[in-house]
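First up is the structure itself, then whatever we jot down about it.
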Amino acid sequence: MTNILYVEDNEDNIYMLSKRLKKKGFEITIAKDGEEGLKAARDLKPDLILMDLSLPLLDGWEATRILKSEPETKLIPIIALSAHAMQEHKDKALEAGCDDYDTKPVDITRLLSKINNLIH
């Protein structure tokens, strides 16, 4: 089973997206801030990370930079998720090391396509 680490602080987003991904057969682990996300990524070595960018304690851009700089986590694909649809946010996420970017609210079909492209 594919394990996805979902780093998100909004309870509604966690509920909606994790429920949809579990229905598709993914195992979901939740981290509610950037620091918790770092620890979970290091401990679990998930197949993929969905990273909200606006997080408490440590934002998603910095958490991604750290994960991509560490040998044991640098190969884990990361998809940035953000309510900001501006090109500058996408560019900043990709510069930080994210492998892809998607906007909220999530279009589940589009997100599943991106997930499948990165884990296969």
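Set side by side, the residues Leu112, Leu55, Leu44, Leu50 differ, and just one is touching a residue at least 40 places away in the same chain (Cβ under 8 Å) and under 11 Å from the mean Cα position of the chain (by Cα), which is Leu50.
The set of residues in the range 77-95 being among the hydrophobic types (A, V, I, L, M, F, W, C) and either in contact (Cβ under 8 Å) with a residue 60 or more places away in the chain or touching a His at 6+ places or on another chain (Cβ under 6 Å) (or both) consists of Leu81 alone.
Can you pull out the residues in the range 16-41 that are hydrophobic (A, V, I, L, M, F, W, C) and either more than 22 Å from Pro71 (Cα to Cα) or free of Cβ contacts under 8 Å to residues at least 12 places away in the same chain (or both)? Within the range 16-41, Met16, Leu17, Leu21, Phe26, Ile28, Ile30 meet the criteria. Within the range 7-45, the set of residues being crowded, with 23+ Cβ neighbours inside 10 Å and over 18 Å from His84 (Cβ atoms) comprises Ala31, Gly37, Ala41.
Just to be sure, is Thr103 modelled with pLDDT of 95 or more and within 24 Å of Tyr15 (Cβ to Cβ)? No.
Entry remark, the range 55-72: residues being surrounded by 19 or more Cβ atoms within 10 Å (Cβ to Cβ) and within 10 Å of Arg42 (Cα to Cα) number 1 in total.
Restricting attention to the range 111-120 and to residues that are over 13 Å from Leu17 (Cα atoms) and not β-branched (Val, Ile, Thr), the residue that is surrounded by the fewest Cβ atoms within 10 Å (Cβ to Cβ) turns out to be His120. Does any residue of the range 51-68 turn out to be of a type outside the set (Ser, Thr, Tyr), more than 20 Å from Lys32 (Cβ to Cβ) and out of contact with any Gly (no Cβ under 8 Å at 6 or more places or on another chain)? No, because not a single residue in the range 51-68 is of a type outside the set (Ser, Thr, Tyr), more than 20 Å from Lys32 (Cβ to Cβ) and out of contact with any Gly (no Cβ under 8 Å at 6 or more places or on another chain).
The values are calculated or read from the model by the stated rules, or taken from the named source; none is laboratory data. Only a predicted model underlies this, so the values are computations on that prediction, with no experimental measurement involved. Here the Cβ is made from the backbone with ideal geometry for all residues, glycine too, and neighbour counts use every protein chain on show.
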